[in-house]
Structures are given as C-alpha cells and as structure tokens.
Amino acid sequence: MTRLAGDPDAVDELLDAPCEFAASEAVPVEAVLVEGDALAGVLEDAGFEDVGPGPAFDGEQTRRYRCQSPAE
C-alpha cells in the first residue's frame, strides 16, 4: 500500500509495475489518496475500487483503493 500523488499520466505509468507484480503473486495492490483527489479517476481506470476510509495523513482524511489480482 502506498500514498499516491503527482501528475496523472506519471501515476498511471507508475501503477504498471506493482499491478503486474501483484498479479503474478496473486495478491491485491492498495493505494491511498486524500479524499477528493483527482487521481481517483486514474486508479479507477486502472481497475482499482474505492474500499473505504484510509489512514489520516497530516490530519487529512484519505480513501483506500484496491485492485484485486485476477486469481481473487
């Protein structure tokens, strides 16, 4: 699990490696975004689902996103 931030195109590219690794290991990938972050669309387009509240970072509420491996 990691907290994501940055340029949407760069984040989309950065998701490839962990998603490929997770699929090969049959484990989910999780990411955390500050609530309302525009990157939610990037994650959803990559197959991630909003699975609920995440941890607070510097007092900001977050959302957890998970992409299940194909085996799950």
Index of the failed condition, Asp58 passing every other in (1) at positive phi; (2) within 12 Å of the chain's Cα centre (by Cα): (2)
Expected output for segment 1-29 (first residue acidic (Asp, Glu), partner at pLDDT below 85, Cβ below 8 Å, 6+ apart or cross-chain) is Glu25/Ser69
How many of the residues in segment 9-43 are of a type outside the set (Val, Ile, Thr) and either surrounded by 13 or more Cβ atoms within 10 Å (Cβ to Cβ) or assigned to a strand (DSSP E or B) (or both)? 15
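Restricting the search to segment 39-59, which residues are of a type in the set (A, V, I, L, M, F, W, C), modelled with pLDDT of 90 or more and closer than 15 Å to Pro8 by Cβ?
Within segment 39-59, the first condition is being of a type in the set (A, V, I, L, M, F, W, C), and the residues that meet it are 39-40, 42-43, 46, 48, 51, 56-57.
Cutting the leftovers down to modelled with pLDDT of 90 or more gives us 39-40, 42-43, 48, 51, 56.
Leu39, Ala40, Val42, Leu43, Phe48, listed by residue number.
The values are calculated or read from the model by the stated rules, or taken from the named source; none is laboratory data. This structure is a prediction, so every number in the text was calculated from the model and none was measured. Cβ sites come from the backbone with ideal geometry, for glycine too, and all protein chains shown count toward neighbours.
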